Amino acid sequence: MTDAQMPRVLGQGLLATAEGFTHADRQLPFHVLIYVLEGEIHVTEGGTDYTVAPGELLFLHSDLRHYGKKRIPRGTRWYYIHFELPNAPAAAPQEGEAGMLLPKKLSGLGGGSIESELATFVESSRSREEHSRWYLNQQLFVLLSHIGQLSAH
């Protein structure tokens, strides 16, 4: 058995701005989850402007250009996770398989279970050795599943 069907964690952390800045103009070969704790993040992707406020998360898709038009204020704090997803199947899930869509943006999460899971994930990822990548990928799968379940309601 391999972890080929699980998301793959590439990087994660908690960031805080000492000075305001404008989001970099880039096109990444992986997905990005952003969850804001304080302040706000302004980013444009696919021609749509997003403001991510405390208690909100946003997914930036791989291979799509994203950039900032407005400054992110000093003191903004956020969790981020860079990750890859296995290739999506060409067809809908077969009988006996489950599928779930992740939302582009989700609000109203401040102080709730998703914020707590993100904090635990980022903290535990700091203490994990390379040999436990399987564990991190599995934990990300669980976190993304919980996010998908919340957005389905």
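Please identify the pairs in which a residue from the stretch 128-145 that is assigned to a helix (DSSP H, G or I) has its Cβ atom under 8 Å from the Cβ atom of a residue that is of a type in the set (A, V, I, L, M) and at pLDDT 90 or above, counting only partners at least 6 apart or on another chain.
Arg133/Val9; Leu136/Val9; Asn137/Val9; Leu140/Val9; Leu140/Ile81; Leu143/Ile114; Leu143/Leu118
Do you know which residues across the stretch 52-78 are part of a loop (DSSP other than H, G, I, E, B), out of contact with any Pro (no Cβ under 8 Å at 6 or more places or on another chain) and not polar (S, T, N, Q)?
Across the stretch 52-78, the qualifying residues are Ala53, Pro54, Gly55, Glu56, His61, Leu64, Gly68, Lys69, Lys70, Pro73, Arg74, Gly75.
Every residue in the stretch 5-27 that is touching a Ser or Thr at 6+ places or on another chain (Cβ under 6 Å) and closer than 22 Å to Leu106 by Cα, please.
So the first thing to find is which residues in the stretch 5-27 are touching a Ser or Thr at 6+ places or on another chain (Cβ under 6 Å), and the list is 12, 17.
Listed by number, the list holds a single entry, Gln12.
I'd like the full set of residues that are under 14 Å from the mean Cα position of the chain (by Cα) and part of a strand (DSSP E or B), limited to the stretch 27-42.
Within the stretch 27-42, His31, Val32, Leu33, Ile34, Tyr35, Val36, Leu37, Ile41 qualify.
Considering only residues that are surrounded by 15 or more Cβ atoms within 10 Å (Cβ to Cβ) and among the hydroxyl-bearing types (Ser, Thr, Tyr), which ones fall in the stretch 46-60?
Tyr50
Provide a single number: the residues in the stretch 61-80 that are more than 22 Å from Gly112 (Cβ to Cβ), open to solvent by less than 30 Å² (accessible area, probe 1.4 Å) and either under 15 Å from the mean Cα position of the chain (by Cα) or of a type in the set (Phe, Trp, Tyr) (or both).
1
Those residues that are open to solvent by 70 Å² or more (accessible area, probe 1.4 Å), at pLDDT 90 or above and assigned to a loop (DSSP other than H, G, I, E, B), I need them from the stretch 1-26; list them, please.
If the condition is that a residue be open to solvent by 70 Å² or more (accessible area, probe 1.4 Å), at pLDDT 90 or above and assigned to a loop (DSSP other than H, G, I, E, B), then Ala18, Glu19, Asp25 are the ones that fit.
Need the failing condition index for Glu38 against (1) in contact with a His (Cβ under 9 Å, 6 or more places away or on another chain); (2) open to solvent by 70 Å² or more (accessible area, probe 1.4 Å); (3) under 23 Å from Ser107 (Cα atoms), just the number.
(1)
The values are calculated or read from the model by the stated rules, or taken from the named source; none is laboratory data. Quick caveat: nothing in here was measured; it's all calculated off a predicted structure. Positions of Cβ are generated from backbone atoms using ideal geometry, with glycine treated the same way; all protein chains shown enter the neighbour counts. These accessible areas exclude ligands, DNA and RNA; they are computed on the full protein's heavy atoms, side chains included. Shrake-Rupley method; radii C 1.70, N 1.55, O 1.52, S 1.80 Å.
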